[in-house]
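These notes are about the structure you will find just below.
Each reported figure results from applying straightforward, stated rules to the coordinates on display, with no laboratory input. Because the structure is a prediction, the values reported are computed rather than measured. Cβ: placed from backbone, ideal geometry, glycine included. Neighbour counts: every protein chain shown.
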Amino acid sequence: MSKTAAVVLAFLSFMLFATTSRAQLLPSGNVYVGAAYGDSVDVINRYTFRGWNASFEDFPFSRYPHLGVVLDGSGFYRLGVQQYNLFLGPRLSFNYGKWRPFVQIMGGAQRMTSDGTSHYPIAEDAGGGVDRKFQFLFMKHFSWRLQFDYMRTHLLSATQNDIRGSTGLVWRF
């Protein structure tokens, strides 16, 4: 097992098992679904992708209301190539009126399928964005999100750098 995989596994174990239990099943958090655009650069080529991005965020630490835990998944597609990402990590956010900016650092895995061959590199993600709350009465639990991320993968001796931009609807509970 590589050092990166060991660090990611230790971090995930800490985040999942060190949280205190609460009486409510889902005390607070949000769910996001949106459209995404990806730009990928490997050693030789540059590719653009279109796809989707979804995430679930929970705030398990009552002492730290600005710190959330995020599970993020995305899928990107182009002719002959499919890319799926799954990340887990912390998100730091603050509320400023109707705006909620955030930054996040996550680790996880990627599945890249090209010409019938699949690769499964370890991936890192760093990014951020902003949510804008809606003002309508019937949509008071909804926001619109604009998010940008830098993703990096390393497989064998090749490094791939990806940029992801996404926008979509957030449901806060």
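Points to keep in mind about this one:
- Some residue of segment 70-79 being within 9 Å of the chain's Cα centre (by Cα), of a type in the set (Phe, Trp, Tyr), closer than 29 Å to Asn45 by Cβ and assigned to a strand (DSSP E or B): no
- Some residue of segment 87-104 being surrounded by 14 or more Cβ atoms within 10 Å (Cβ to Cβ), within 20 Å of Thr153 (Cα to Cα) and β-branched (Val, Ile, Thr): no
- Strands (runs of 3 or more DSSP E) fully within segment 93-173 counting 2 or more residues that are among the small types (Gly, Ala, Ser): 99-114, 122-133, 158-172
- Residue check for Gly129: closer than 22 Å to Phe61 by Cβ and touching a Pro at 6+ places or on another chain (Cβ under 9 Å): yes
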